[in-house]
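A.B. asks: Take this structure, written in structure tokens, and hold onto it; I'll ask about it next.
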Amino acid sequence: MRPDVKLRNYKISKLQNRSRGYILITLMLFITLLAMAAVAVLPEIVHQIQRDREEEMIHRAVGYSRAIRKYYRNSAAIRRALKNWKTPTSNAFCASATRTRSRAKTSS
């Protein structure tokens, strides 16, 4: 083997080691910058999540409020209907049904 071939291979491998170190440093710098950006944005993300939760709670509260209002509105209508409701015998249908039942009892 010739001595200059060894030297040439040594120089190439030495350059490859240097480029590996450069890539490693660049990668570490990139990861550091990425971590710093994430730390800078993290409070805003946490704040946005809190706002989303509050918005969902408000949405649910509005739904509950509507349901309660509807319940009271309907129950007031039911109370009025019950208040205005007369005895079953005064109703024409019920009166005829009562007459039919009383005829059935007397004939048997």
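Taken together, the values in this text are just the output of simple stated rules run on the coordinates, not laboratory data. In this text, all values refer to a predicted model and were calculated from it rather than measured experimentally. So basically every Cβ, Gly included, is an ideal-geometry build from the backbone, and we count neighbours across all protein chains shown.
A.B. asks: Quick check: residue separation of Leu42 and Leu82 times 0.36 nm, minus the Cα distance between them. What number comes out in nm? Could the numbers behind the result be given before it?
C.D. replies: Working: separation 40, 0.36 × 40 = 14.40 nm, distance 5.96 nm.
Full-extension gain reported as 8.4 nm.
A.B. asks: For a footprinting-style exposure proxy, rank Lys83, Lys70 by other Cβ within 10 Å, fewest first.
C.D. replies: Values: Lys83 7, Lys70 10.
Fewest to most other Cβ atoms nearby, the residues stand as Lys83, Lys70.
A.B. asks: Suppose the chain between Glu55 and Ile68 were pulled fully straight at 0.36 nm per residue; how much longer would it get relative to their current alpha carbon spacing? Could you put the intermediate results ahead of the total?
C.D. replies: Values: separation 13, 0.36 × 13 = 4.68 nm, distance 2.00 nm.
Stretched out fully, the Glu55 to Ile68 stretch lengthens by 2.7 nm.
A.B. asks: How large is ³J(HN,Hα), in whole Hz, for each residue of the stretch 21-38 in order, when computed from phi with the Karplus curve 6.51 cos²θ - 1.76 cosθ + 1.60 and θ = phi - 60°, using x for Gly and Pro?
C.D. replies: x, 5, 5, 5, 5, 5, 5, 5, 5, 4, 5, 4, 4, 5, 5, 5, 5, 5
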